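Visitor: Here it is, the structure, as structure tokens.
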Amino acid sequence: MTTVETSTSASPTTEPAASTEASDPRALTLENVERALDELRPYLMADGGNVEVVEIDGPIVKVRLQGACGSCPSSTMTLKMGIERKLREAIPEVSEVVQVL
């Protein structure tokens, strides 16, 4: 019974460490980028738009503005002052957010 308890207690100790690293909210991962963008989406959707992550290329996040945001004259301001600013605050590793068509 001691062997069973040891292996049972060893497994949970190892698993949370791995999941803690994977769920670091400040790491540059697709999941964390999406989480940060989810905070902005209600504002974009209120104006008839949205944002889609296309690619993460090193510290650069490539996004596509959708709906009304894609053709809006203020889309550059939305991208730089809204989306990029939020992502850089949430994930310091992000150096730039660029729009792809």
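Visitor: Please report the spacing between the Cα centers of the stretch 61-89 and the stretch 19-60 in Å, no decimals.
Guide: About 12 Å separates the Cα centre of the stretch 61-89 from the one of the stretch 19-60.
Visitor: Taking the simple approach of a point 7 Å from Cα along Cα-to-Cβ for both Glu96 and Met45, what is their distance in nm?
Guide: A separation of 3.1 nm, rounded to one decimal place.
Visitor: From the backbone phi of the stretch 43-51, what are the Karplus-calculated ³J(HN,Hα) couplings (6.51 cos²θ - 1.76 cosθ + 1.60, θ = phi - 60°) in whole Hz, Gly and Pro given as x?
Guide: Going residue by residue, I get 6, 5, 5, 5, 9, x, x, 6, 9 Hz, with x marking Gly and Pro.
Visitor: Given points 7 Å out from each Cα along the Cα-Cβ axis, report the Met77 to Glu55 separation in nanometres with one decimal.
Guide: The answer from the label model is 3.0 nm.
Visitor: Scan around Val51 for amide H atoms under 5 Å from its own, H built in the peptide plane at 1.01 Å from N, and keep only partners 5 or more places away or cross-chain.
Guide: For Val51, whose amide H was placed from the backbone, the distant partners under 5 Å are Gln66.
Visitor: For the stretch 28-101, just the Cα set please: Rg and Dmax, both in angstrom.
Guide: Values for the stretch 28-101 (Cα only, Rg and Dmax): 11.1, 31 Å.
Every number in this text was worked out from the coordinates using simple rules, so none of it is lab data. For clarity, every value in this text was computed on a predicted model and none was experimentally measured. All Cβ positions, even for glycine, are placed from backbone atoms using ideal geometry, and neighbour counts span all protein chains on display.
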